[in-house]
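Worksheet: one structure, shown below.
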Amino acid sequence: MDLSAFDLKGKVALVTGGAHGIGFSIAEGMAKCGATICFNCSSEASLEKGMAAYKAAGIDAHGYAADVSDEDAVNAMVAKIKAEVGPVDILVNNAGLMKRVPMVEMSHADFMRVIDVHVGGAFNCSKAVLPDMMEKREGKIINICSMMSELGRETVSAYAAAKGALKMLTKNIASEYGEYNIQCNGMGPGYIATAQTAPLREVQPDGSRHPFDQFITAKTPAGRWGDPEDMVGPCVFLASHASDFVNGQILYADGGILAYIGRQPK
């Protein structure tokens, strides 16, 4: 094998939730490997900010605003991408949201909204791009999963349920469409330093670190939060020919947190 196995030239990549954060970093990394980038976000305001961010990074990206939980909106978006750019070769299902609420205080509507975006969105987008992948007998689907499909923690019942379902959707897409030379895998980030997690890393009024920040760095063998850029390598691998015999797997980029039972007290 040589480095050409990681080359994404000539490939059209669609990254949902790609206007900022992890999604933006993944798309930027794929662009550097030669892919043509299409990104999705949920609003026109996010689309405008995303386009500005890609332009500042020197990437000629194509942006599309659509609610991934809306099947008709997704179908229209994918059809527009096909007409304007070409059929999607690489799909990264990254769109999501978090509602940190104790289970007994969470409404059913809020619970289902988290499920609809994470799981329904991945279902809708995958279903929309699969026919062209099947026709070409080639395609890559990467679902952004989570450690929360393996671990439990307070206030994230909806998110954990959604990511657990997404993990199994990943395995079933791989099982159902592997015969078409389509690989569907998941990438599970650890705790990543993004705008979404910024409040958990804020310095306290007394100058001390946030308790959750201290908890995460102690729990992670790497001793730090991950950066969005740490997610790029795993996703480029899963998007490339280097992973053609990898299917239905979840690759965790978590700094070792899932492997770590904790340090023995001295």
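The values are calculated or read from the model by the stated rules, or taken from the named source; none is laboratory data. In this text the structure is predicted, and so the values were computed from the model without any measurement. For neighbour counting, all protein chains shown are included, and Cβ atoms are generated from backbone atoms with ideal geometry for every residue, glycine included.
The table that follows gives values for the structure above.
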quantity: Qualifying positions in the stretch 231-266 - in contact with a Cys (Cβ under 8 Å, 6 or more places away or on another chain), hydrophobic (A, V, I, L, M, F, W, C) and over 15 Å from Ala13 (Cβ atoms); calculated: Ile250
quantity: Candidates Arg153, Arg209, Arg224 - the one that is without any contact (Cβ under 8 Å) to a residue 24 or more places away in the chain, over 30 Å from Ser126 (Cβ atoms) and part of a loop (DSSP other than H, G, I, E, B); calculated: Arg209
quantity: The listed residue being out of contact with any Leu (no Cβ under 7 Å at 6 or more places or on another chain), buried (at least 16 other Cβ atoms within 10 Å of the Cβ) and at pLDDT below 95, out of Thr170, Thr197; calculated: Thr197
quantity: All positions within the stretch 176-233 that are within 22 Å of Ala253 (Cβ to Cβ) and among the hydroxyl-bearing types (Ser, Thr, Tyr); calculated: Tyr191, Thr194, Thr197, Thr217, Thr220
quantity: The stretch 54-76 residues that are over 14 Å from His20 (Cα atoms), paired with ones that are assigned to a loop (DSSP other than H, G, I, E, B) and polar (S, T, N, Q) (beta carbon under 6 Å, 6 or more apart); calculated: Asp67/Ser42
quantity: Enumeration of residues in the stretch 254-266 that are surrounded by fewer than 17 Cβ atoms within 10 Å (Cβ to Cβ) and either among the aromatic types (Phe, Trp, Tyr) or within 24 Å of Ser25 (Cβ to Cβ) (or both); calculated: Gly256, Leu258, Ala259, Tyr260
